[in-house]
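Let me begin by presenting the structure, written as structure tokens, before commenting on it.
Derivation of every value follows stated rules applied to the coordinates shown; laboratory data play no part. Predicted model, so just to flag it, every value in this text is computed and none were measured. Note that we place each Cβ from the backbone using ideal geometry, even for glycine, and neighbour counts take in every protein chain shown.
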Amino acid sequence: MSGTGDLSIEGAAAATERILDALETVVVGKRPELELIVSGLLASGHVLLEDLPGLGKTLIARSIAQVTGLTVGRIQFTPDLMPADVTGSLLYDQRHSEFVFRRGPVFHNVVLADEINRSPPKTQAALLEAMQERQVTVDGVSHRLPQPFLVLATQNPIEFEGTYPLPEAQIDRFLLRTSIGYPTAAEEAEIIRRRLERRTDVVELAPVVDAGTVPALQRAMENVTVSESVIDYCVGLVRATRANSKVHAGSSPRGVEALVKVARARAVLDRRGYVTPDDVKAVAVPTLAHRVVLRPELWVRGVDPSSVVHECLDTVPTPTTLPSATFSPPGDPAADDRT
């Protein structure tokens, strides 16, 4: 389909469903996780995959690029990786007697930052600017990154030797943190069957939308409205993380914005032009848990920050206001049916 025009909520939902269906042909049994990652793409945010090796993180990044017609780059973070290896560098062109900028692997629409916590802070900071500013600066000159721009970063949760934990400031730049997890026995058997049918290790997916469709999907999400009661609910959840007795530092104000953005993306996936409290609840843990800093004694005991978000979901009252036609995007034909 062409992505040159704007999309309605229904059109955006249909496009995302085609993307997810195509991804499921190679990523077996992980629809909820794929929906989260695609929500990050719709919301123009970055995703941190904290998972074990061999669970399909690279496959997911490459497959998203293939089905959307986007370009994909991969950065293998290692202790000796330099910032210029991420952003690019100036090279001297002897033919023209001038320095020219050679773009690094960050100049792609989808960037897989593999094992991001294995590089020192200076290299991590180079990616941080790219994630936040959508540009890189080399020798005082700023270079804009291609749009859309999505970083899928991975880190191994059980490998600590030779790693550099991501600082809170960088973790907060990720819109979402999630994991893929092991497949079930039936899903693992299905993976093998599909590999045998394919007769090759290489997986090639045909685009189901073109590259211009992704910006149209992101614009469509901006038509999803959020009621005052849902805004107050999101604010209440984030403020509750700061008041929790387990927490040294709760979610930043950026967490409220992230929670609303991902909830709006989920509404698009559900073919709705408005956000419900259930949308917020569904994305609260992957959106907020990585923004919570536990008290040191609880961190040492291995307490999961997700438990704090679950406690907040249990204690913050859920708004009961029902969506009405006033929450529908302009021109939504379904508005009359909800009055």
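Tabulated data for the structure shown
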quantity: Residues whose placed amide H lies under 5 Å from that of L145, excluding near-sequence neighbours; calculated: Q135, V136
quantity: Residues of type lysines that K246 reaches as a straight line, Cα spacing below 26 Å, ignoring anything fewer than 8 places off in the same chain; calculated: K281
quantity: For the chain: relative contact order, % (alpha-carbon pairs under 8 angstrom, 6 or more apart); calculated: 23 percent
quantity: All lysines inside 20 Å of K57 as judged from Cα atoms, apart from same-chain residues fewer than 8 positions distant; calculated: K30
quantity: Cβ charges +1 (Lys, Arg) and -1 (Asp, Glu), total dipole of the range 154-242, debye; calculated: 80 debye
quantity: Cα-based Rg / Dmax (Å) for the chain; calculated: 20.9, 70
quantity: Relative exposure of D172, D304, judged by other C-beta atoms within 10 Å (fewest first); calculated: D304, D172
quantity: Cβ-based exposure ranking for K281, K57, in which fewest neighbours within 10 Å come first; calculated: K281, K57
quantity: Average Cα contact separation per residue, the range 224-328, under 8 Å, 6 or more apart, as relative contact order %; calculated: 39 percent
quantity: Among S63, S97, S251, residue whose mean-square fluctuation peaks in a GNM of the chain (springs only between Cα atoms under 10 Å); calculated: S97
quantity: Charged-residue dipole, Cβ positions (Lys, Arg, Asp, Glu), the chain about Cα centre, Debye nearest 20; calculated: 300 debye
quantity: Positive-end residue, the chain charge dipole about Cα centroid, Cβ charges, pick of Q218, A169, A267; calculated: A169
